[in-house]
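The values are calculated or read from the model by the stated rules, or taken from the named source; none is laboratory data. Remember, predicted model here, so these are calculated numbers, not experimental data. Reconstructed Cβ throughout: ideal geometry from the backbone, glycine too, with neighbour counts over all protein chains shown. Keep in mind that these areas ignore ligands, DNA and RNA; they rest on the heavy atoms of the full protein, side chains included. Shrake-Rupley method; radii C 1.70, N 1.55, O 1.52, S 1.80 Å.
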Amino acid sequence: MRNKLLPGLSVSFSFASWNINSTRQRETLVLDWLSNHPVDVLCLQEIKCEQHQFPASFAEAGYHVAIVGQKAYNGVAVIARKPFEVRHRRLPGFSHDAARYIEIEIDRLTIGGLYLPNGNSGGEEGYRLKIEFFETLAHHAREMLERDEDFALIGDFNVCPAPEDLAPGALGAHDALLRPETRAAWRSLCWLGLTDAVRALHPRERLYTFWDYQAGAWDRNMGLRIDHALLSPRLADRLEAVHIDRDERARPQPSDHVPLVVTLRADRPL
């Protein structure tokens, strides 16, 4: 009998997240990074432009691109090496029409790229929006799990889940990224059966994805781990590697975030 493959990909697959803090300002950085890191999919956050303003250079270089943008703020995008289908251009069920979510399907794998509200601006209403996004995302993830889909949720979640996810003193105790309700919302999402890719391979290591531009945070390594990748069960079984590309933070005029890369091994034959 011929071997069959488990549902999903028959070859290794890698995808990445990067809060780029303005694609137009860092267009060359992204193009250079993609040329040196052959990921299949790159999810961007804080592109800070409308769709017609997104740099044409990516499509001209042969990449496939989808954009959910707005003027000057927020915005998410997907850049891939092969065609994909866009499933959603906003988080299903989320009440606010901000450009914070895009979901694609590629090679029978679903990837949701997200930029979760920070929660420190707008008073309690701004924080309420953060928790609502978490709760809506959990509902959407639960539905995908019930449909037995293979998926990843990747992006800037604006939460430090545990004390080792931030340098001591990097944030005040009442910051929205640390509030008990924020961390509880993160745990509720994970407890659905999702795996934090970084912590699956690096359980206790202090690894950061963000260093503020202020107060010498980069030079002092006063970082935060707020960019995450959550994997559904079958993808977690195939997790091969996770890489946080710190070198990008040392480049000229960098984003304050760095890329997070997840690699999945090929399916095992039955």
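Once all protein chains are placed together, LYS48 keeps about 60 Å² accessible to a 1.4 angstrom probe. Label zone (SER22, point 7 Å along Cα-to-C-beta; backbone nitrogen cut-off 13 Å) within the stretch 43-69: 47-49. The residue list ASN21, ALA170, CYS43 was ranked by how far each Cα lies along the charge dipole of the chain toward its positive end, using unit charges on Cβ atoms, and CYS43 comes out on top. This model, with +1 at the C-beta of Lys and Arg and -1 at the C-beta of Asp and Glu, gives the chain a dipole about its Cα centre of some 380 debye.
Rolling a 1.4 Å probe over the protein heavy atoms leaves VAL261 with an accessible area of roughly 20 Å².
Of the chymotrypsin sites (Phe, Trp or Tyr not before Pro) found in the stretch 64-101, those in coil by DSSP whose Cβ has at most 15 other Cβ atoms within 10 Å are TYR73. Evaluated on the stretch 75-216, the Kirkwood hydrodynamic radius is 16.3 Å, with distances taken between all distinct Cα atoms.
Distance from the C-alpha centroid of the stretch 161-227 to that of the stretch 38-109: 24 Å, rounded to the whole angstrom.
Only protein atoms count toward the accessible area here, which uses a 1.4 Å probe; on the stretch 201-243, the carbon and sulfur part of that area reaches 50 percent. The calculated 222 nm mean residue ellipticity attributable to helices in the chain amounts to -6500 deg cm²/dmol, summing -39500 (n - 2.57) over DSSP H runs of n ≥ 4 and dividing by all residues.
Only the Cβ atoms of Lys and Arg (+1) and of Asp and Glu (-1) were treated as charged; on that basis the dipole of the stretch 1-120 about its Cα centre amounts to roughly 240 debye.
Taking every lysine pair in the chain that is 8 or more places apart or spans two chains, those with Cα atoms closer than 26 Å amount to 5.
Binning the C-alpha pair distances of the chain at 5 Å intervals from 0 yields a P(r) profile of 1, 6, 13, 18, 21, 18, 13, 7, 2, 1, 0, 0, 0 %, listed from the shortest bin outward. The charge dipole of the stretch 111-270, taken about its Cα centre with unit charges on the Cβ atoms of Lys, Arg (+1), Asp and Glu (-1) only, comes to about 360 debye.
Between ASN36 and SER12, the C-beta separation translates, for a Förster distance of 30 Å, into a calculated FRET efficiency of about 0.95. Using +1 at the C-beta of Lys and Arg and -1 at the C-beta of Asp and Glu, which of HIS140, PRO83, TYR115 has the Cα lying farthest in the positive direction of the dipole of the chain? In the chain, that residue is PRO83.
Considering the zone a paramagnetic label at ARG147 would reach in this model (a point 7 Å from Cα along the Cα-to-Cβ line), which residues of the stretch 92-122 have amide N under 18 Å from it? In the stretch 92-122, the label zone of ARG147 (backbone N under 18 Å from the point 7 Å along Cα→Cβ) covers 92-94, 101-114.
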